[in-house]
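In what follows, a structure is listed as structure tokens, so that the remarks can point back to it.
The values are calculated or read from the model by the stated rules, or taken from the named source; none is laboratory data. Keep in mind it's a predicted model, so treat the numbers as computed, not measured. Quick reminder, even Gly has a Cβ in these numbers, built from the backbone with ideal geometry, and neighbours come from all protein chains shown.
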């Protein structure tokens, strides 16, 4: 669900709202309770997240099934 922000709040708190947009949030801008605009991150943004949740990271690419065996072998050789 997209959050909403009134024109007055946007005017008074533009820096904070833009920080949230930069972090990935989207807003419908309301004037007199009626949606008049959408505020969302730019599609060409160079913004990079500093943190990716493990569940999302794990879904990027399937793990090599032999990796666990290789790591176990390396660890045994180190101990």
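Worth pointing out:
- Among the residues of region 4-25, the one identified as part of a strand (DSSP E or B) and closer than 25 Å to residue 50 by Cβ is 5.
- For region 26-60, the set of residues classified as surrounded by 10 or more Cβ atoms within 10 Å (Cβ to Cβ), in a loop (DSSP other than H, G, I, E, B) and at pLDDT 75 or above consists of 26, 40, 41, listed by residue number.
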